[in-house]
1. Give the stretch 131-172 a look and list any residue that's assigned to a loop (DSSP other than H, G, I, E, B) and β-branched (Val, Ile, Thr), or say none.
2. Restricting to the stretch 101-115, and then to whatever is open to solvent by 20 Å² or more (accessible area, probe 1.4 Å) and at pLDDT 85 or above, can you tell me which residue is nearest to residue 23 (Cα to Cα)?
3. Filter the stretch 198-208 for residues that are surrounded by fewer than 22 Cβ atoms within 10 Å (Cβ to Cβ) and assigned to a helix (DSSP H, G or I) and give the result.
4. Looking at the stretch 173-184, is at least one residue in contact with a helix residue (DSSP H, G or I) (Cβ under 7 Å, 6 or more places away or on another chain), on the phi > 0 side of the Ramachandran plot and either assigned to a helix (DSSP H, G or I) or open to solvent by 60 Å² or more (accessible area, probe 1.4 Å) (or both)?
5. Just checking, does the stretch 347-357 include any residue being acidic (Asp, Glu), at pLDDT 70 or above and within 25 Å of the chain's Cα centre (by Cα)?
6. Which residues, counting only those in the stretch 218-244, are of a type in the set (A, V, I, L, M) and open to solvent by 30 Å² or more (accessible area, probe 1.4 Å)?
7. Counting only residues that are of a type in the set (Ser, Thr, Tyr), at pLDDT 80 or above and either over 17 Å from residue 229 (Cα atoms) or surrounded by fewer than 15 Cβ atoms within 10 Å (Cβ to Cβ) (or both), how many does the stretch 32-73 have?
8. Note down all Cβ pairs under 6 Å where the first residue falls in the stretch 245-266 and is at pLDDT 90 or above and of a type in the set (Ser, Thr, Tyr), the second is surrounded by fewer than 22 Cβ atoms within 10 Å (Cβ to Cβ) and assigned to a strand (DSSP E or B), and they're at least six residues apart or on different chains.
Amino acid sequence: LELSDFQLNVVPGHGAGGHDIYSLQVEWPHSPKTVERTFILKRWTPASPHSQFFGLTESYEAVAHRTGLFAALPASVHAPIVASSSDADGGGSWLLMKDVSAELDQYGRPNQFPFAQVKQKVSIVLDRLAQMHVHFETSNYLVETLKQSRYNDCATHMSTRAAAYRHALSKGATGEAVNGEVINDAFVTQLRAFLDWLSPELRPMWERVLVDRNDLIAAANALPHTLLHGDLDDRNIGLSVDTGPNDASLVLIDWEWICTGPGAFDAAKPIHQLLASCTEQPELLDTYFEMLPLWGKEYAQAYQRHGGTRASADQVLHAYHLGHVREAMSPFPHVIGSVLMAKQYEEESVNWVPSIETNKTVFDLVLAWGERTLHYVSDYMQTHLQLGT
């Protein structure tokens, strides 16, 4: 097709990866109506904080596109990247993607769906994730492709912020950057506010595990691994529902944290964040915690239904709960610390969750969720991981 004109606009405030995102509108003369006219263009650079943490010189999304990984996804899961190009001097990558904003809006955080719809959407996401995980773990070709591409294993992800927390607790605010995280007064104050919030019984265990993840990594490495998206923030999840839930496709963007690990880790992250989609329904807190273990069982059943055999049902559930432990390591302490500090100074806004309007009611909801999450995760660490005080 002949490109006759285009317009490029910056998309401000997108994500936290430090990469530039653009909206690209193109004009194709004499083209069929079905041809795409709106795209998203992403400029990935190794200077971003996440890239520095993972030690990357090339975008994992570009690698996955070039090696055909996205083309190998099952039919019900889509990555919208249609082209990629890496700079010859290692300065970064360009990624051209379909505009899937409509699909993202069908799941995303800005929409406050009734909880019955949320449950239905979560069921679709868990089913399609299980299908993707089984698809990759049962293909010898894909398993070898994952090894050759040298994606991170989940150990790197489980270590997120551990070095920064260790630095903050031992040296205080120095202004230094540790794995891309600047250790300033705000970082240290929020971390200490979180630790002061803990009970005397739980604080020693959390002080240890926040800075040393070896026990968590060992537990994860003892489980079967598959391909993980790695960063299933609810803003990275979209749904394409044409005629009904049975025909829905899962659309996933921002594969920058792609790695290998227990499949249920991907299932735990959006569940951990789910209450952010229900901030206008604080009465759902009890329902959420009733559903928390049930969603793990739902993912385990979907895994078996799609032919997963490498992991037993008990291993899948263990991985799901361990995924919640991993999510509680970061950014959970930062979120709780931020809210505690904001309440202390009676601030009405705090930059802890984009696109959520924060106020006293939301702060109280977050702290109530935080307290119950804390005990849920702490009980699991003590009972199943033997991480006592």
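The values are calculated or read from the model by the stated rules, or taken from the named source; none is laboratory data. None of these values were measured; they are calculated from a predicted model. Note that we place each Cβ from the backbone using ideal geometry, even for glycine, and neighbour counts take in every protein chain shown. Please note that ligands, DNA and RNA were not included when accessible areas were found on the heavy atoms of the full protein model with its side chains. Shrake-Rupley method; radii C 1.70, N 1.55, O 1.52, S 1.80 Å.
1. Matches in the stretch 131-172: 138, 160.
2. 101
3. Taking the stretch 198-208 as the starting set, the residues that turn out to be surrounded by fewer than 22 Cβ atoms within 10 Å (Cβ to Cβ) are 198-205, 207-208.
Result: 203, 204, 205, 207, 208.
4. yes
5. No: the stretch 347-357 contains no residue that is acidic (Asp, Glu), at pLDDT 70 or above and within 25 Å of the chain's Cα centre (by Cα).
6. Of all residues in the stretch 218-244, those of a type in the set (A, V, I, L, M) come to 218-220, 222-223, 227-228, 232, 237, 239, 241.
Hits for the stretch 218-244 are 218, 222, 241.
7. Of the residues in that region, 4 qualify.
8. 249/78; 249/240
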